[in-house]
Amino acid sequence: MSMQRPRPPRKNPLARTTAPLLPPATRSRAAHGLTRAAARGEFALHTCTGCGTVSYPAREACPKCLSDLVVAPVARGGTVLSITTIEISGEPYFRRLAPARQALIALDCGPTIVAEARPDCVAGMRIRASLQLDKAGQPVIYARPENGDPESDTDPHWRELVADPLHRRCLITDGRNPVTLPLAKALLGAGAAKVVVGISERWKPFADAGKLEALGAVELVDLDLADERSVAGLASDYAAKTDILVHNALHLRPGSLFSGGEVLKARDAMEVSYFGALRLAQHFGPVMRSRGADGDNSAAAWVNVLSIFAHLSWPGFAAYAATQAASLSFSQALRAEMRGSGVRVLDVFSGPMEIDWLEHLPPPKVQPAAVAHEIVAALKGGEEERWVGDVAKDFRDRFSANPKEIERDLWRQ
């Protein structure tokens with residue numbers, strides 16, 4: 001990276017922790033049509049169903065023919081018409097980030113917009129626009145040079161919109177998950193300062209332990225998500241040092257509702273996936289929330305690695321699907337709890353992975369390394385939702401269009 005930010009100095013422990021502030025969060029219902037696109041890293045604007053006109057800002061009806069509007073993907077390109085530098089703002093949040101650059105941009109898809117601009121944008125330049133979620137979780141448009149290096153951002157305004165692992169300290173909660181080793185590699189490859197990996201029952205054989213330790217900036221720690229004392233003990237040492245927390249606990253066992261011992265399977269899965277997440281939230285959550293605006297040393301994101309079956313039960317894995325649904329509900333509650341801090345809560349939904357417990361399923365299946373890559377990409381993009389693999393994306397589209405159709409389709413599997 002030609003313009004990579006230098007590693008920030010360690011924070012003075014005697015210095016006051018900066019209180020989180022949020023940008024203005026008021027949006028109309030129509031404007032929230034852009035929120036889903038921003039959460040998924042897509043660029044979409046309101047488009048007329050009658051004449052095809054693309055409009056911005058959000059409106060209730062087409063400004064040309066008064067037909068209905070739908071949010072649809074549009075071209076990201078545009079040309080900067082002018083640049084304005086705002087030296088001081090009446091909003092306390094923006095006063096911390098002054099100066100700010102605002103660009104008037106003619107988008108290729110039609111409308112002329114005002115957007116935040118990277119410092120190297122100038123009048124007449126071709127730009128690439130993106131929809132981002134700001135610290136308040138609301139959609140905003142950010143512009144960067146069309147041919148610029150996407151990895152060279154030193155703009156503090158951009159860093160407010162993403163959870164880049166660069167120089168961050170990360171915690172992965174389940175070292176035995178097949179995703180953990182490639183995820184640790186991906187986080188370190190993205191510039192993470194340190195990766196702490198929790199492992200339960202370390203006396204049990206663990207093939208990846210040596211590989212994780214060989215990465216250098218990885219520390220293995222004891223963490224039993226089913227044990228309150230274990231979680232509390234780890235939090236006392238690491239909660240204030242965790243900038244990105246990845247909850248990837250995996251307890252996958254086959255069985256239908258009528259299978260023998262299904263209650264025990266469900267209880268074990270809930271202890272790790274849902275109650276484990278709840279324990280983490282109680283011990284890590286308040287500390288991370290208080291550090292959401294602590295400059296370059298701030299807490300940035302909480303990642304929940306989930307299955308697509310959090311949205312719809314999988315008959316052959318009934319207990320697992322139920323725990324995933326509970327974990328998704330937890331994630332939504334956590335996002336609401338974190339709303340005043342600016343800490344991003346990211347849900348990563350994967351289709352069936354290439355692991356031993358799912359070897360009987362036909363392809364396509366997702367490689368653990370692909371899940372790890374998508375997690376890091378979603379953090380860099382400032383997203384709230386990422387779907388991994390062709391199966392997951394097909395599920396997303398079909399579930400959105402007709403959930404009853406895909407429910408019946410799962411009956412046959």
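The values are calculated or read from the model by the stated rules, or taken from the named source; none is laboratory data. The shown structure was predicted, so the numbers you read here are calculated from the model rather than taken from an experiment. We place every Cβ from the backbone using ideal geometry, glycine too, and count neighbours over all the protein chains shown.
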- Note on the structure: For Ala186, the lone unmet condition from (1) touching a His at 6+ places or on another chain (Cβ under 7 Å); (2) surrounded by fewer than 19 Cβ atoms within 10 Å (Cβ to Cβ); (3) more than 28 Å from Leu97 (Cβ to Cβ) is (2)
- Query: What's the number of the condition Ala217 fails, among (1) more than 22 Å from Ala325 (Cα to Cα); (2) touching a His at 6+ places or on another chain (Cβ under 9 Å)?
  - Reply: (2)
- Could you please let me know if Met338 is aliphatic (A, V, I, L, M) and closer than 17 Å to Arg176 by Cβ? no
- Item | Residue check, Ile83 exposed (fewer than 12 other Cβ atoms within 10 Å of the Cβ) and assigned by TED's automatic domain parsing to the domain that holds Ile141 | no
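Which ranges mark the strands (runs of 3 or more DSSP E) fully within segment 135-201 that have 1 or more residues being without any contact (Cβ under 8 Å) to a residue 60 or more places away in the chain and assigned by TED's automatic domain parsing to the domain that holds Tyr93?
Working: elements: 139-145, 169-172, 194-199.
By residue number, 139-145.
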- Message: Just to be sure before I move on: is Pro57 closer than 24 Å to Tyr93 by Cα and touching a helix residue (DSSP H, G or I) at 6+ places or on another chain (Cβ under 6 Å) in the structure I sent?
- Response: no
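Against the definition (touching a Gly at 6+ places or on another chain (Cβ under 9 Å), in the same structural domain as Leu379 (by TED's automatic domain parsing) and closer than 21 Å to Ile172 by Cβ), how does Ala277 come out, yes or no?
So Ala277 does not fit the description; no.
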- Message: Condition check: touching a residue at least 60 places away in the same chain (Cβ under 8 Å), among the polar types (S, T, N, Q) and in contact with a Pro (Cβ under 7 Å, 6 or more places away or on another chain). Does Ser341 satisfy that?
- Response: yes
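Please give the strands (runs of 3 or more DSSP E) falling wholly within segment 1-118 in which 3 or more residues are more than 26 Å from the chain's Cα centre (by Cα).
77-86, 100-107
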- Taking strands (runs of 3 or more DSSP E) that do not extend beyond segment 283-399, which have at least 3 residues that are among the hydrophobic types (A, V, I, L, M, F, W, C) and surrounded by 21 or more Cβ atoms within 10 Å (Cβ to Cβ)? 301-307, 344-350
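Residues are listed down the side, and each one gets a yes or a no for (1) among the acidic types (Asp, Glu); (2) touching a residue at least 40 places away in the same chain (Cβ under 8 Å); (3) within 25 Å of Ala192 (Cα to Cα):
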| residue | (1), (2), (3) |
| --- | --- |
| Asn297 | no, yes, yes |
| Trp314 | no, yes, no |
| Thr323 | no, yes, no |
| Leu358 | no, yes, no |
| Arg398 | no, no, no |
- Message: Looking at segment 236-254, can you tell me whether even one residue there is surrounded by fewer than 18 Cβ atoms within 10 Å (Cβ to Cβ), modelled with pLDDT of 90 or more and either among the charged types (D, E, K, R) or not assigned by TED's automatic domain parsing to the domain that holds Val371 (or both)?
- Response: yes
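Does Ser152 satisfy the criteria of being surrounded by fewer than 22 Cβ atoms within 10 Å (Cβ to Cβ) and either under 27 Å from Met338 (Cβ atoms) or modelled with pLDDT of 95 or more (or both)?
So Ser152 does not fit the description; no.
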- Query: Just to be sure, is Val272 out of contact with any helix residue (DSSP H, G or I) (no Cβ under 6 Å at 6 or more places or on another chain), on the phi < 0 side of the Ramachandran plot and surrounded by 18 or more Cβ atoms within 10 Å (Cβ to Cβ)?
  - Reply: yes
- Hits in segment 36-48 - residues which are touching a residue at least 24 places away in the same chain (Cβ under 8 Å) and out of contact with any Gly (no Cβ under 8 Å at 6 or more places or on another chain): Arg36, Ala37, Ala38, Ala39, Arg40, Glu42, Phe43, Ala44, Leu45, Thr47
- Taking segment 119-144 and the residues there that are among the charged types (D, E, K, R) and crowded, with 21+ Cβ neighbours inside 10 Å, the one that is farthest from Pro73 (Cα to Cα) would be Lys135
- Message: So in segment 259-315, with the set limited to residues that are among the polar types (S, T, N, Q) and over 30 Å from Pro6 (Cβ atoms), which one is modelled with the lowest pLDDT?
- Response: Ser259
